[in-house]
Amino acid sequence: MPPTAIPNLTVRDVTPADESEIRDLISAAFPSDREARLVSTLRHCGALVLEQVALDETNRIVGHVAYSRVTPAAIGAGQAMQISCLAPVSVAPDRQNKGIGTTLTRVSLEALKENGEDLVLVLGPPAFFPRFGFDAELARKVQGPYAGAAFMALGLTDAGTRDLPIEVAFATPFQEFE
């Protein structure tokens, strides 16, 4: 379990026993249950690349992050890239704005880098994700179903910035959001 900057906060990979608590957390963190359904569907169809939780000093899950596989087009220099999508990052409503989401995102991005991911995509608040290096300008080189200032990309390797532009397809469960 990686150390965190928040005392008594532990970040670890998800276990099957966490599933119900994660569903409740995501449902509480978002205005509808769409994100909770998305994570469950991605998990059960095998599309998740990394899924981690943050636990407080009582071992309560107070944060969650999921990354799913994004498939590059079968042509061009980027076809061999390992690409994932961060969606969603969730924090318990009573623990938001205390650094849990930031810590969970940093720790999980480091794990992705160690696991050989080249590029990470996100569709999220432009005020939050640039602190991790996500960039809307880099995302303009990624052709897919999403665009605009909220669509950002982060290269974790040289290939993640060099082998662009690229066309990608997101895991099928994302079609509910298109």
Only one of (1) in contact with a strand residue (DSSP E or B) (Cβ under 9 Å, 6 or more places away or on another chain); (2) modelled with pLDDT under 95 fails for P31. Which number is that? (1)
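Residue-wise test of (1) under 20 Å from S27 (Cα atoms); (2) within 12 Å of the chain's Cα centre (by Cα); (3) not β-branched (V, I, T).
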{"site": "G78", "(1), (2), (3)": "no, no, yes"}
{"site": "A92", "(1), (2), (3)": "yes, no, yes"}
{"site": "R106", "(1), (2), (3)": "no, yes, yes"}
{"site": "A169", "(1), (2), (3)": "no, no, yes"}
Taking the range 148-165 and the residues there that are part of a helix (DSSP H, G or I) and of a type outside the set (D, E, K, R), the one that is farthest from V122 (Cα to Cα) would be A159
On the basis of being at pLDDT 95 or above and under 19 Å from R12 (Cα atoms), does V122 make the cut? no
Can you find a residue in the range 94-116 that is part of a strand (DSSP E or B), under 27 Å from T15 (Cβ atoms), of a type outside the set (G, A, S) and modelled with pLDDT of 95 or more? no
Which of the strands (runs of 3 or more DSSP E) found entirely inside the range 1-76 contain at least 2 residues meeting this: crowded, with 21+ Cβ neighbours inside 10 Å and in contact (Cβ under 8 Å) with a residue 40 or more places away in the chain? 48-55, 61-72
From P125, P145, P173, P88, grab the single residue that is under 24 Å from T41 (Cα atoms), open to solvent by 10 Å² or more (accessible area, probe 1.4 Å) and assigned to a strand (DSSP E or B). P88
Of (1) open to solvent by 20 Å² or more (accessible area, probe 1.4 Å); (2) under 15 Å from D118 (Cα atoms); (3) at pLDDT 95 or above, P130 fails just (2)
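The values are calculated or read from the model by the stated rules, or taken from the named source; none is laboratory data. Just so we're clear, the structure is a prediction, and the values are computed from it rather than from any experiment. When we count neighbours, we look across all protein chains shown, and the Cβ atoms used for this are built from the backbone with ideal geometry, even at glycine. We work out accessible area using only protein heavy atoms, side chains counted, and drop any ligands, DNA or RNA first. Shrake-Rupley method; radii C 1.70, N 1.55, O 1.52, S 1.80 Å.
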